[in-house]
1. Just need log10 I(q)/I(0) for the stretch 1-97 at q = 0.11, 0.15, 0.20, 0.25 Å⁻¹, Debye formula, equal scatterers on the alpha-carbon atoms, no solvent, rounded to two decimals.
2. Under the √(5λ) rule applied to the eigenvalues of the Cα gyration tensor, what semi-axes describe the equivalent ellipsoid of the chain? Give them in Å, descending.
3. Of Gly17, Thr252, Ala79, whose Cα points farthest to the positive end of the dipole of the chain (charges on the beta-carbon: +1 Lys, Arg; -1 Asp, Glu; origin at the Cα centre)?
4. What FRET efficiency comes out for the pair Glu247/Glu208, r = Cβ-Cβ distance, R0 = 25 Å, nearest 0.05?
5. Between Ser2 and His235, what length comes free when the chain is fully extended (0.36 nm per residue of separation minus the Cα-Cα distance, one decimal in nm)?
6. Using only the alpha-carbon atoms, how far is helix 243-256 inclined from the longest principal axis of the chain? Give it as 0 to 90 degrees, nearest 10.
7. Relative to the longest principal axis of the C-alpha atoms of the chain, give the angle of the C-alpha long axis of helix 143-163, reported between 0 and 90° and rounded to the nearest 10°.
8. With the crude spin-label approximation of a point 7 Å out along Cα→Cβ, what separation in nm comes out for Asp215 versus Phe106?
Amino acid sequence: MSKTIFITGAGSGLARGAALGLAKKGHRIIATTEITPQKTDLMREAEDQGLDMEVFKLDITNPRDRAQIEEYDFDVFVANAAINEGGPLAEVPMDRFRALFEVNVFATLETVQIAAQKFMKKKSGKIIFMSSMAGISATPYVGPYTATKHAVEGIAQTLRNELEQFGVQVATINPGAFETGFNKRSAEEIFKWFDEDKNLTPIEDIKEQQKGLEDQFDPQDMIEKMIEIIPADHHKFRTVHPKETEEQLKKTQKERWEMDI
C-alpha cells in the first residue's frame, strides 16, 4: 500500500538514497534538505530518474522552515536531519557540544512535535527517529554525537509509550558505520579546534580510534533496509543494521551491567 512519507535531512547520505528508493516503490515522498543547493541537486536527480517527488528546503533549526511541515498531510514522518562531530568530552568546546544538541535533539523534537500532534488528531501515523549505533554504544572521542543520540533514544522510547493510546507508532532506525562521508566529515571537525600543543588528550589516541572509519559498510545495504522498514505497518521498535552491529551492541549492553571501576 502506498504511503505519504515526509523525510527531513534528505539532501545527502542514507536519507537521500532512501527517499529516491521509496519514490521508486510508488510512495509519495516529501523530501526536505537543509540548504537550497541540496534541494536543487535532489530535484535534478529525481527528475533524471523519472520520479515524482516534492522537495523543498527545511532547516530544522529555523522556525519559519519548520512551520512548513504544518501544510502537509502524511502517514510517516522520518526525523533524519542531524549533524555529527566528535572530540574528547573532557576538552570539547561547549559551543560545539551545544550546537549538536540544538540540531539533533531540540530542533528534531520540535519537528516531531508537529508531526505527533497531527497524528494524535487523526489517531494514526508513524514517527521514525533516525538514531544510530551511537545511541546505544559509547565509543571514545565520539561523545558529543553519542550524547545526542542517547537523548534521541530516550525521547523515542518515552514518546512510544505516550502516543500508543492515540494509535500512533514510534520507532528508531539505528545504522552501523556506513560509508556515506558523514562519519569522516565528523572526524575532520575535531581538528578545527584540537591543538596537540594545548589539549591534554593524546592525538595518537584520537587518530587510532578514527582508523575504524577506514572499513565501513556499503550504504546501499542500509538504504535497502530503510526502504523496507519506513513504510512497513509492523516491525520491531528498534531496527539496528547490519546484523553484526546488532550483535555487537547487544554484547556491549550486557557488558555494561558487569563493568567495574
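The values are calculated or read from the model by the stated rules, or taken from the named source; none is laboratory data. Everything numeric here is computed off the predicted structure, so don't read it as measured data. Note that we place each Cβ from the backbone using ideal geometry, even for glycine, and neighbour counts take in every protein chain shown. Keep in mind that these areas ignore ligands, DNA and RNA; they rest on the heavy atoms of the full protein, side chains included. Shrake-Rupley method; radii C 1.70, N 1.55, O 1.52, S 1.80 Å.
1. So the normalised log intensities work out to -0.36, -0.60, -0.93, -1.32.
2. Rounded to whole Å, the semi-axes are 31, 21, 18.
3. Working it through, the farthest residue towards the positive pole turns out to be Ala79.
4. Efficiency, from the Cβ-Cβ distance: 0.55.
5. Details: separation 233, 0.36 × 233 = 83.88 nm, distance 1.70 nm.
Gain on stretching Ser2 to His235: 82.2 nm.
6. Helix 243-256 sits at roughly 50 degrees to that axis.
7. Taking Cα atoms only, the helix is inclined about 40 degrees.
8. Calculated label separation equals 4.0 nm.
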